[in-house]
């Protein structure tokens, strides 16, 4: 299930380029306002979190330096868990005001939710072209000086695709409680790759925007659309749309 959230910025100051953590925090707070039980389950769960959200789609860019300035934008939130989406949208309607950081110490940009739309489900086949609405993050561990260290992967690395598939199957299995009946996942083409470096908390994640053509089991394609591709989906990574 997917929802489109239209927002209006009512402060004149621009927001920081790395706003994903702020949106993630706001989403959790609104979920807690509507469904504390579900919010506590998500917060305490040590495994995967089965939702993702897109970057802001800015509708009226205002030229500025040192941030993103605009009046109106929207973003998407998506999950295979319909209770989560319904609870989240209820929480937004209960508390439509929120803020995001500006990069200036102590300054915040105020927002208000203008509209919440539940989008109709898509009928997906076994072949699809995804366009990323937020960057895909994939990592691995590699030996460096005798120690295993985490390494962020870009699409130029073949390990990127192996881990993308493994992660998708693992999340599907945990969510549904069983494996994919016919596990097939092949990336046929990747184009328009734009490497990104996103700050989340006190660390940076190297990730990528792209178009990615996938041939896979319809169950996996549908799950990728609902729950996102790659890792850290609940932090705003891996949200995709169909071209």
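Checking residue 134 against (1) in the same structural domain as residue 200 (by TED's automatic domain parsing); (2) in a helix (DSSP H, G or I), only one condition comes out false. Which one?
(2)
Scan the strands (runs of 3 or more DSSP E) fully inside segment 40-122 and keep the ones with 2 or more residues being under 22 Å from residue 226 (Cβ atoms) and over 16 Å from the mean Cα position of the chain (by Cα).
108-119
Looking at this structure, is residue 164 touching a helix residue (DSSP H, G or I) at 6+ places or on another chain (Cβ under 7 Å) and either over 26 Å from residue 7 (Cα atoms) or crowded, with 19+ Cβ neighbours inside 10 Å (or both)? Break it down into steps so the answer makes sense when it comes.
On the way: touching a helix residue (DSSP H, G or I) at 6+ places or on another chain (Cβ under 7 Å): no; either over 26 Å from residue 7 (Cα atoms) or crowded, with 19+ Cβ neighbours inside 10 Å (or both): yes.
When the stated conditions are applied, residue 164 does not pass them.
Any idea which of 128, 193, 187 is surrounded by 14 or more Cβ atoms within 10 Å (Cβ to Cβ), over 21 Å from residue 232 (Cβ atoms) and modelled with pLDDT of 95 or more?
128
The values are calculated or read from the model by the stated rules, or taken from the named source; none is laboratory data. Note that the structure is predicted; figures quoted are calculated from it, not measured. FYI the Cβ positions are ideal-geometry reconstructions off the backbone, even for glycines, and counts take in every protein chain you see.
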